[in-house]
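Trainee: First, the structure itself, so that you have it in front of you.
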Amino acid sequence: MKFGAFLVFGYTMFLYTSIMAYATLYHFTPILYEPNYIIVLGSGLIGDKVPPLLASRLDEAVKQFQKYGERPYIIVSGGQGNDEEVSEAYAMKKYIVDVHQIPAQKVLMEDQSTNTEQNMAFSKKIMDKHAQGKKYRSLFVTNNFHVFRASIYAKKAKLDAQGVGSKTAFYYVPNAFTREFIGLLEMYKWIHVTVFLFITLFIGLILRAYV
């Protein structure tokens with residue numbers, strides 16, 4: 001039993017370490033193209049106000065917007081939660097326009113999504129319509145701990161996009177990364193369930209051999 005617990009623990013730690021390493025490498029992967037659209041993923045409001053975590057994403061999006069000569073369009077993505085007075089997209093656009101003085105016509109709103117998967121899928125619909133059949137490329141902005149998992153959803157939505165991570169308060173990173181790890185386990189739960197079953201079967205065969 002101890003050996004089995006050791007195998008399960010070892011597999012879990014291997015996954016956690018691998019995800020951290022890959023996420024770190026992804027974060028430092030340079031973007032070698034100019035995007036036509038910059039998607040900013042929502043992360044919740046306080047009433048109708050943009051909290052610091054979301055503000056960091058919006059500030060980074062504006063930084064990227066200015067980096068590319070203010071040519072891309074910014075898409076703010078996020079619906080309205082039960083405890084929110086307005087949609088995340090509305091508050092995000094207001095923040096960008098009011099705080100950074102970005103022209104309102106350069107900011108498109110996607111205000112129906114409730115999770116990262118929908119952020120990507122619904123933003124793609126807006127870009128497809130806005131581009132009017134022309135080819136386009138995009139990038140998405142989220143907090144650095146969330147970039148890797150968001151990139152998986154971007155691929156699922158068939159987006160030609162890379163991610164940019166905004167800064168996160170250091171004290172929040174360990175908890176956030178653990179939540180991301182759990183989220184990734186949930187995304188591929190049947191693969192991990194199969195591995196755990198295989199480990200259980202393997203241990204059972206070993207125990208039988210020694211009984």
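The values are calculated or read from the model by the stated rules, or taken from the named source; none is laboratory data. Just so we're clear, the structure is a prediction, and the values are computed from it rather than from any experiment. When we count neighbours, we look across all protein chains shown, and the Cβ atoms used for this are built from the backbone with ideal geometry, even at glycine. Just so you know, the surface numbers come from the protein's heavy atoms only, side chains and all, with ligands and any DNA or RNA stripped out. Shrake-Rupley method; radii C 1.70, N 1.55, O 1.52, S 1.80 Å.
Trainee: Would you point out the residue of the stretch 33-77, among those that are of a type in the set (S, T, N, Q) and in contact (Cβ under 8 Å) with a residue 24 or more places away in the chain, that is nearest to K167 (Cα to Cα)?
Mentor: S56
Trainee: Related question: Hey, among V86, V141, V76, V164, which residue is farther than 30 Å from L25 by Cβ and either among the aliphatic types (A, V, I, L, M) or buried (at least 20 other Cβ atoms within 10 Å of the Cβ) (or both)?
Mentor: Testing whether each residue is farther than 30 Å from L25 by Cβ and either among the aliphatic types (A, V, I, L, M) or buried (at least 20 other Cβ atoms within 10 Å of the Cβ) (or both) leaves just V86.
Trainee: Exactly one condition in (1) open to solvent by 50 Å² or more (accessible area, probe 1.4 Å); (2) at pLDDT below 95; (3) among the charged types (D, E, K, R) is not met by K129; state its number.
Mentor: Single failed check for K129: (2).
Trainee: Is there a residue in the stretch 110-128 that is of a type outside the set (D, E), over 23 Å from K49 (Cβ atoms) and assigned to a strand (DSSP E or B)?
Mentor: Looking through the stretch 110-128, none of the residues is of a type outside the set (D, E), over 23 Å from K49 (Cβ atoms) and assigned to a strand (DSSP E or B).
Trainee: While we're on this one: Which one of the conditions (1) hydrophobic (A, V, I, L, M, F, W, C); (2) open to solvent by 10 Å² or more (accessible area, probe 1.4 Å); (3) under 23 Å from N119 (Cα atoms); (4) modelled with pLDDT of 90 or more does L32 fail to meet, given that it meets all the rest?
Mentor: For L32, the failing item is (3).
Trainee: Now for a separate question. Do you know which of the residues in the stretch 89-125 that are of a type in the set (G, A, S) and touching a residue at least 60 places away in the same chain (Cβ under 8 Å) is surrounded by the fewest Cβ atoms within 10 Å (Cβ to Cβ)?
Mentor: Ranking the candidates gives S113 first.
Trainee: Right, something else. Does A5 fit the bill of being at pLDDT below 70 and part of a helix (DSSP H, G or I)?
Mentor: For A5, the condition - at pLDDT below 70 and part of a helix (DSSP H, G or I) - is met.
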